[in-house]
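Engineer: Pasting a structure here, questions to come.
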Amino acid sequence: MMAPAREIAMRINPDKCVACGNCTYVCPMEAIYIDPVIKRATIKRDECVECYACYNGLSQEHLNPTFVRAVRKTFAALRIRFEPEPDVCPTAAFEPDELTWPRVVRRAFSDPRVPHESTGVEGRGTEEVKTNDVSGRVQVGEVGFTIEFGRPGVGVRFREIQVMCTALAKAGVAFEKKNPVTSLMTDVPTGTLREDILNEKVMSAIVEIKVPVERTEEVIRLVWDIEKKLNTVVALGVGTRCDPDGEERVVAPILARLGYKLERAKTNIGLGRVAAAPQSAASRETVNA
Amino acid sequence: MTNTLHRYGNAESFSDDYVVFAIASKGKNDKDALPKLRRFLQIATEYKPVNLGEGRHGGALRPSREMSPVSHWKRDMTPDFQAVIDGLDHPTTCAAVFDNRVAAEDFVKRIKEEDLGLSINISTSIDGAEQCCHNACIPRHSVGYSLGFEGKTEKLPNTQVMMLSTMCGHGMVSHQLARKMIDWVKEGRRTPDQAVTYMSRFCSCGVFNPARAKRILEESIDGK
């Protein structure tokens, strides 16, 4: 009889792991635990989002596992607490796999060093108003929303994102075409995502939409209504153009009226310009407008 | 990448947190952006940033792939800004983090004079960014407001943990690590400086603010 195929995912080599526990603290999804039966760090496959914080973030020593276990046992027997650096894997036990579909979607939305294929942009794959001085994505009289799910430290499955997407589509909003979530829609006019990714969990994902400024309050109230039904956190960002004198007099008062106390913002100071020779890549577009 | 927008805290808590970043727009001006981004980072070093980073390789403090066991007792905690500049090999987002308004203002003013043609953004309190623009005589082009966290917020940890972990907007600094560092500092097992470096190494684009993190940790000792 053939052995079942090993699941392709980030793994911890049990021959190397010394159960020091450092990795259990650094996992943003709390998906790593010390299995008391095998006495090794173990990954909860379905909770792991393939963010690679363990593999990329922990410094790696390459100590002999047998030696480290012996030292740890001796120290424990003597009731001596050995307190190594907390951001180190002493035996370099993490072994990433070449992920396949649909699990690879987890990494695309969770490991910020991997550029999204759909946009070529690292992080969450969106430029939002950060390049608005060049892209002209959000014009005067428009508002661009970034609706982010799962961050910080909670995570989200696409099934939940789809709930918001279908509600927004029903309201007739425009999804940003050059956005990783939009690229996973099989039917943009209805906000329907690919069936085979719905159960995949990711660190976070951003849905981007654009509406006329008059619809700002309506969209926010819609998001409030839908987010109550989701089992995750939502971070809303609202981007808009400033007046020629640099003031923003339209959206902030709407947000204040809705009860938001605005503390922080990202301000594009307008120093960007389009390169002299036009480049070939397509400009940003919206669909389902 | 809204990795600096949704930092947790009120406007006052961002008084030592100014992230200035440069980004090229895909297909519009990214083709020849690399030397300009490198120039952006080089100029930033003249204004005493507390961190410097880029989206592909990380910040000024990075994990080691070949760490020596001796490092447990003698760890290098010095940020290596030159490594960030030298390692930039792709037109990605480049960021400089400052712990005071004057440095951020002066840097923005200088960047305007350099006329790199890249999109430049300031991520901080709304007033803080306005002052930077005012000082450099630049009218703001666009603004992206953070409306904070909503939904199942009962899943989120306490204020201090949130303030630390959200400084890596990509979520690479886990709540558990932030909580552990607060505990270790309170118990005297590590200094705030040491705890800050552990967290900084997990931030994969170098926007983590070690100065603000240190202040938050020190305030936690005082029970604030």
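Only the coordinates and a few stated rules stand behind these numbers; no lab work does. On a predicted model such as this, the values are computed, not experimentally measured, just so you know. Note that we place each Cβ from the backbone using ideal geometry, even for glycine, and neighbour counts take in every protein chain shown.
Engineer: Could you tell me which residue out of A:L262, A:L236, A:F75 lies farthest along the dipole of chain A toward its positive end? Charges go on the beta carbon: Lys and Arg +1, Asp and Glu -1, centred on the Cα centre.
Structural biologist: Of the listed residues, the answer is A:F75.
Engineer: Out of residues 5 or more away from B:L61 or on other chains, whose amide H comes under 5 Å of its own, with H placed 1.01 Å from N in the peptide plane?
Structural biologist: Distant-sequence amide H within range of B:L61: B:D80.
Engineer: Between rounded, prolate and oblate, where does chain A land on the alpha carbon gyration tensor, with a ≥ b ≥ c its root eigenvalues, rounded for a/c under 1.5, else prolate if a/b exceeds b/c?
Structural biologist: In terms of gyration-tensor shape, prolate.
Engineer: Run the quick spin-label model on A:K39 and B:E219: label points 7 Å from Cα toward the beta carbon, then report their separation in nm to one decimal.
Structural biologist: Rounded to a tenth, the inter-label distance reads 4.4 nm.
Engineer: Now for a different question. Just list whichever of A:K170/A:K228; A:K201/B:K155; B:K28/B:K109; A:K16/A:K73 have alpha carbons separated by over 21 Å in the model shown.
Structural biologist: With Cα atoms farther than 21 Å apart: B:K28/B:K109.
Engineer: With n ≥ 4 as the cut-off for DSSP H runs, can you work out [θ] at 222 nm for chain A, using -39500 (n - 2.57) per run divided by the number of residues, rounded to the nearest 500?
Structural biologist: Numbers: 7 runs with 61 residues, N = 289.
The helix-only estimate for chain A comes to -6000 deg cm²/dmol at 222 nm.
Engineer: Of all DSSP beta bridges located in region A:11-95, what percent are antiparallel, nearest 5? Walk me through the numbers on the way to the answer.
Structural biologist: Working: 6 of 8 bridges.
Antiparallel bridges make up about 75 percent of those DSSP assigns within region A:11-95.
Engineer: How high is the relative contact order of chain B? Use alpha-carbon pairs under 8 Å, at least six apart in sequence, and give a whole percent. Write out the running numbers ahead of the final one.
Structural biologist: Numbers: 348 pairs, mean separation 75.1, N = 224.
Once normalised by length, the contact order is 34 percent.
Engineer: To the nearest whole number, what is the average tally of beta carbon atoms from other chains within 10 Å of the beta carbons of peptide B:192-203?
Structural biologist: 3
Engineer: Just to check I understand the Karplus step: with θ = phi - 60° and J = 6.51 cos²θ - 1.76 cosθ + 1.60, what whole-Hz values come out for region A:253-264, glycine and proline as x?
Structural biologist: Going residue by residue, I get x, 5, 5, 4, 4, 7, x, 7, 9, 7, 9, 9 Hz, with x marking Gly and Pro.
Engineer: Let me ask you something else. Can you tell me which of A:K73, A:K130, A:K178 moves the most in a GNM of chain A? Springs connect C-alpha atoms under 10 Å apart.
Structural biologist: Maximum fluctuation in the GNM of chain A, among the listed residues, is at A:K73.
Engineer: Taking a ≥ b ≥ c as the square roots of the eigenvalues of the Cα gyration tensor of region B:153-224, is the shape rounded (a/c under 1.5), prolate (a/b larger than b/c) or oblate?
Structural biologist: Oblate.
Engineer: I'd like the distance separating the alpha-carbon centroids of region B:150-168 and region A:162-210, in whole Å.
Structural biologist: Result: 25 Å between the Cα centres.
Engineer: Follow-up question, since we're still on this one. Using 0.36 nm times the number of residues separating A:L198 and A:E247, minus their current alpha carbon distance, what extension gain do you get?
Structural biologist: Contour length minus Cα-Cα distance gives 13.5 nm.
Engineer: Also: Going by the alpha-carbon gyration tensor, a ≥ b ≥ c the square roots of its eigenvalues, is region A:118-287 rounded (a/c under 1.5) or, if a/c is not under 1.5, prolate (a/b greater than b/c) versus oblate?
Structural biologist: Oblate shape, in that a/c is at least 1.5 and b/c is the bigger or equal ratio.
Engineer: Report the FRET efficiency, 1/(1 + (r/R0)^6), for A:W224 and B:H72, where r is their Cβ-Cβ distance and R0 is 51 Å, rounded to 0.05.
Structural biologist: FRET efficiency, A:W224 to B:H72: 0.55.
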